[in-house]
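Notes to accompany the following structure.
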Ligand code: 5AD
Ligand code: SF4
């Protein structure tokens with residue numbers, strides 16, 4: 001211990017970064033670092049970055065410009081502020097970050113943040129500390145467990161990374177390069193972490209992985225265990241009433257996982273299953289290794305297992321060579337599936353990925369125009385899905401206080417945000433809520449007092 005200091009971690013990008021930011025805070029806690037409310041108050045500021053699209057990467061450099069001013073102010077006040085860059089930009093750019101932004105004292109990739117205490121100590125002694133290795137040791141095994149108070153403060157839902165990296169090599173994507181090849185944590189380590197969460201009052205855990213349904217960790221018997229079997233094991237943990245997982249690749253949706261959606265009450269009826277595009281020609285150029293028809297057949301099988309499942313997806317418009325006909329195929333696929341939620345992006349050429357060098361880059365104006373059309377369709381579908389839940393009484397996990405006094409915010413099984421008047425002590429309960437109305441992205445409801453419909457359509 002070297003006295004109380006504070007750390008401010010700003011997270012960009014995906015849920016895996018949210019999880020990693022908490023683990024970085026846990027790694028620094030035994031060194032006396034407490035969370036700071038704002039960067040200007042902090043002794044150490046870390047940006048946990050995202051490299052998936054150009055815009056995400058560039059945000060980091062503009063934030064570093066603002067932090068440089070804070071660091072200079074701190075120095076004038078006689079305080080030392082240490083600035084670190086973590087995450088996927090750190091992995092991809094390493095030392096180059098310091099060349100471009102000399103205010104940075106420390107660079108740490110997603111695989112080595114268990115070494116953060118040492119890196120921070122070196123940086124505070126005036127060294128530039130850089131570590132973007134892919135080490136052989138298991139960082140999870142070397143990280144301290146969060147203390148119980150910290151877990152409670154983080155809320156009644158939690159992320160849990162079970163798998164990292166990706167071997168799919170979609171031709172547009174940097175993840176296989178920044179996060180490395182697929183690795184899965186052993187079942188025992190995941191169960192132990194989930195039990196700790198449940199004991200601290202967490203009711204819902206979302207299992208995370210860049211390609212989470214490719215999970216194949218070592219089971220207690222030493223044999224490989226898939227995601228379906230892992231979910232069944234986690235559902236046995238008392239107090240863990242809700243399980244979710246993200247993000248999945250269509251090729252890795254196996255029978256055991258689909259069976260889990262049919263048989264496991266704790267597994268919430270929501271599936272994020274990116275397809276990216278609807279044209280087979282583009283899907284091949286993207287190296288997705290499935291056709292539109294494969295995806296639609298898969299959706300059918302999943303819906304047979306769990307008819308009320310809410311599907312969400314990721315889409316890229318303006319991939320190199322995309323024609324109006326290709327784009328029409330994406331719209332047709334969306335129309336056929338009917339999504340409850342979705343994320344859609346303009347293609348962004350990422351240095352080092354195969355697609356960046358393809359001919360036929362689509363002009364920005366065409367990308368914007370197609371994105372607007374796709375998003376209009378997806379927004380209609382989301383409204384239709386939400387409208388389908390108005391009037392139902394559904395189980396809602398109350399997560400936190402709302403903006404208005406007396407109001408709480410929770411989630412339906414289908415991941416919809418629900419606002420409901422309820423006492424603060426009810427946070428952490430799963431209550432029956434009658435959905436009375438809907439806003440753009442949220443539902444309004446009132447406590448029903450009785451039992452909830454566990455499935456859309458009312459079937460128990
Ligand atoms: N350009 C645009 N979107 C991308 N994604 C991944 N790489 C790119 C890129 N180069 C999107 C995909 C993926 C999501 C996480 O980000 O849709 O599923
Ligand atoms: Fe990237 Fe996902 Fe494709 Fe892996 S499966 S390369 S993470 S888009």
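What follows draws every value from the coordinates through simple rules; no lab data is involved. Just so we're clear, the structure is a prediction, and the values are computed from it rather than from any experiment. Please note: Cβ atoms are built from the backbone with ideal geometry, for glycine as well, and neighbour counts cover all protein chains shown.
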Q) Counting other C-beta atoms within 10 Å, which of 43, 380 has the fewest, and how do the rest follow? A) 380, 43
Q: Over all directions, average the projected area of the Cα convex hull of segment 319-460 and note it in nm².
A: 11.4 nm²
Q: For segment 46-64 and segment 395-460, write down the distance between their C-alpha centroids in whole Å.
A: 35 Å
Q: Mind jotting down the distance between the C-alpha centroids of segment 213-234 and segment 262-284, whole Å?
A: 20 Å
Q) So how do 424-437, 305-318 stack up, highest first, on mean other-Cβ count within 10 Å? A) 305-318, 424-437
Q: Tally the DSSP beta bridges in segment 132-236 and give the antiparallel ones as a percent, rounded to 5.
A: 50 percent
Q: With only alpha-carbon atoms counted, please give the Rg and Dmax of segment 240-364, in Å.
A: 15.7, 50
**Q.** Per-pair calculated FRET efficiency, R0 = 51 Å: residue 436 and residue 289 via Cβ, rounded to 0.05
**A.** 0.70
Q. Let a ≥ b ≥ c be the square roots of the eigenvalues of the Cα gyration tensor of the chain; is it rounded (a/c under 1.5), or, if not, prolate (a/b larger than b/c) or oblate?
A. oblate
**Q.** MRE, 222 nm, helices only [DSSP H, n ≥ 4, -39500 (n - 2.57), over the chain, to nearest 500]
**A.** -10500 deg cm²/dmol
Q: Pull out the extension gain between residue 379 and residue 296, defined as 0.36 nm times the separation in residues minus the alpha carbon to alpha carbon distance; nm, one decimal.
A: 27.8 nm
Q. Order of 354-366, 336-348, 225-237 by packing, highest average Cβ count within 10 Å first?
A. 225-237, 336-348, 354-366
Q. Over the chain, what relative contact order in percent results from Cα pairs under 8 Å that are six or more residues apart?
A. 9 percent
Q | P(r) of segment 1-79 over all Cα-Cα pairs, binned every 10 Å from zero, in whole percent | A | 18, 44, 32, 6
Q) For the chain, what proportion of DSSP beta bridges, expressed in % and rounded to the nearest 5, is antiparallel? A) 35 percent
Q: List the relative contact order of segment 220-283 as a percent without decimals, with contacts defined as Cα pairs under 8 Å and 6+ residues apart.
A: 36 percent
Q.
Quick check: residue separation of residue 221 and residue 69 times 0.36 nm, minus the Cα distance between them. What number comes out in nm?
A. 49.2 nm
(Q) Of all beta bridges DSSP finds with both residues in segment 301-460, what is the antiparallel percent, to the nearest 5? (A) 65 percent
Q.
Past the 13 angstrom mark, what percentage of all C-alpha to C-alpha distances in segment 300-367 do you count?
A. 71 percent
(Q) Kirkwood hydrodynamic radius, computed over distinct alpha-carbon pairs, for segment 3-43: how many Å, to one decimal? (A) 10.5 Å
Q. Which whole-number percent gives the relative contact order of segment 1-51, counting Cα pairs below 8 Å spaced six or more residues apart?
A. 57 percent
Q.
When a/c reaches 1.5 or more, the comparison of a/b and b/c decides; with that in mind, is segment 105-241 rounded, prolate or oblate per its Cα gyration tensor?
A. oblate
Q | Mean-position separation - Cα centroids, segment 337-351 and segment 159-193, in angstrom | A | 21 Å
